[in-house]
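The values are calculated or read from the model by the stated rules, or taken from the named source; none is laboratory data. The model shown is predicted, which means the values in this text are computed figures rather than measured ones. So basically every Cβ, Gly included, is an ideal-geometry build from the backbone, and we count neighbours across all protein chains shown. Side chains are part of the model used for accessible areas, which takes the heavy atoms of the whole protein and leaves out ligands, DNA and RNA. Shrake-Rupley method; radii C 1.70, N 1.55, O 1.52, S 1.80 Å.
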Amino acid sequence: MSLLEVRNLTISFGGLRAVDDFNIEIKKGQLYGLIGPNGAGKTTVFNLLTGVYKPNEGIIKLEDKDITGLKTIDINKAGIARTFQNIRLFKELTVLDNVKVGLHNHYHYSTIEGILRLPKYYKVEKEMDERAMELLKVFELDGEAEYLASNLPYGKQRKLEIARALATDPKLLLLDEPAAGMNPNETGELMDTIRFVRDKFDMTILLIEHDMKLVSGICEELTVLNFGRILAQGQTGTVLNDPQVITAYLGE
């Protein structure tokens, strides 16, 4: 059984089909890439998968459960988390507190318990601190736990965003151009990080990316979008050597 199954996903804006009859199956544990020229519809697909947009047609199943059209928070609770091309951290919060935001799906105390600082409040906060620090250690950010997120260098902000997404305990992690703005050394470190996350957390990962070195180095399968439609799909090496892909995407 596929972890993610998407069938005939379609959405239009003002009569223009931004995504047209999109289909994909991703197996548990895969590193899967979604590529294509700017404006091809990649981020729109992510927005459909995470409930930012509701499709006009089609169905989205996670572990055979229909999650089509659910609210973003409910999709996250079902097991899909994401990062963004433009990093969206709570920059006025500490590194630790950013991760704790992602833990609130799984740790709870009532408003009264929080206001009155009742014993459950302290118990839950201690558990959240411990779990957040565990995640920060994975990304070697535990030494900067009390820094403001805005004070981290760019590459570490990327890592923090992934750590916060993992704090929601997802089954599927969506990475939207994680290498954007990175230099070659940072991109190499990111490749190692993505592989590590997949292996350590038994994570399934779908990423949008323009960096072909990263895509060819870590993605096992690819889907190529062009003008909202699937241009090619399959094993990475086969797809990247497809003449249609070379012409439309690589510009050769």
Legend entry - Qualifying trypsin sites (Lys or Arg not before Pro) for segment 61-102 [loop in DSSP, other Cβ within 10 Å: at most 16]: Lys71, Arg88, Lys91
Inset, instruction - Rank Leu62, Leu148, Leu175 by mean-square fluctuation in a GNM of the chain with C-alpha springs under 10 angstrom and give only the top-ranked residue. - result: Leu148
Legend entry - Charge dipole magnitude, Cβ of K and R +1, D and E -1 - segment 89-168, Cα centre, debye nearest 20: 160 debye
Legend entry - Heavy-atom accessible surface of the chain: percent carbon and sulfur, 1.4 Å: 50 percent
Legend entry - Cross-link table Lys120/Lys156; Lys100/Lys159; Lys77/Lys159, entries beyond 24 Å C-alpha to C-alpha: Lys120/Lys156
Inset, instruction - For the chain, just say rounded, prolate or oblate: build the C-alpha gyration tensor, square-root its eigenvalues into a ≥ b ≥ c, call rounded for a/c under 1.5, and beyond that prolate if a/b exceeds b/c, oblate if not. - result: prolate
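Taking only protein heavy atoms and a 1.4 Å probe, what accessible area per residue, in Å², does the chain have with all protein chains in place?
Computed with neighbouring chains in place, this is 48 Å² per residue.
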Inset, instruction - Return the aspartates and glutamates within reach of Lys123: Cα separation strictly under 15 angstrom, same-chain partners fewer than 8 residues apart disregarded; answer none if there are no such residues. - result: Glu113
Legend entry - Distance in nm between pseudo-label sites at Asn183 and Phe227 (7 Å out along the Cβ direction from Cα): 4.0 nm
Inset, instruction - Tell me what the chain gives for mean residue ellipticity at 222 nm when only DSSP H runs of n ≥ 4 count, each as -39,500 (n - 2.57), the sum divided by the residue total, rounded to 500 deg cm²/dmol. - result: -10500 deg cm²/dmol
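Going by a ≥ b ≥ c, the root eigenvalues of the Cα gyration tensor, does segment 89-168 fall in the rounded group (a/c under 1.5), the prolate group (a/b larger than b/c) or the oblate group?
prolate
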Inset, instruction - Would you mind working out the magnitude of the charge dipole of the chain relative to its Cα centre, with +1 at each Lys and Arg C-beta and -1 at each Asp and Glu C-beta, to the nearest 20 Debye? - result: 560 debye
Legend entry - Between segment 192-213 and segment 1-72, the Cα center-to-center distance that results, in Å: 19 Å
Inset, instruction - Provide the percentage of antiparallel DSSP beta bridges, counting only those with both residues in the chain; round to the nearest 5. - result: 55 percent
Legend entry - Shape category assigned to segment 185-232 from the gyration tensor of Cα positions, a/c cut at 1.5: oblate
Inset, instruction - Positive end of the charge dipole of segment 50-192 (Lys, Arg +1 and Asp, Glu -1 on Cβ, about the Cα centre): tell me which of Pro178, Leu152, Ala167 has its Cα farthest that way. - result: Ala167
Legend entry - Ile112 versus Ile246: modelled label distance in nm, points set 7 Å from Cα along the beta carbon direction: 7.0 nm
Legend entry - Computed E for Lys54/Glu127 - FRET, C-beta separation, R0 30 angstrom, nearest 0.05: 0.30
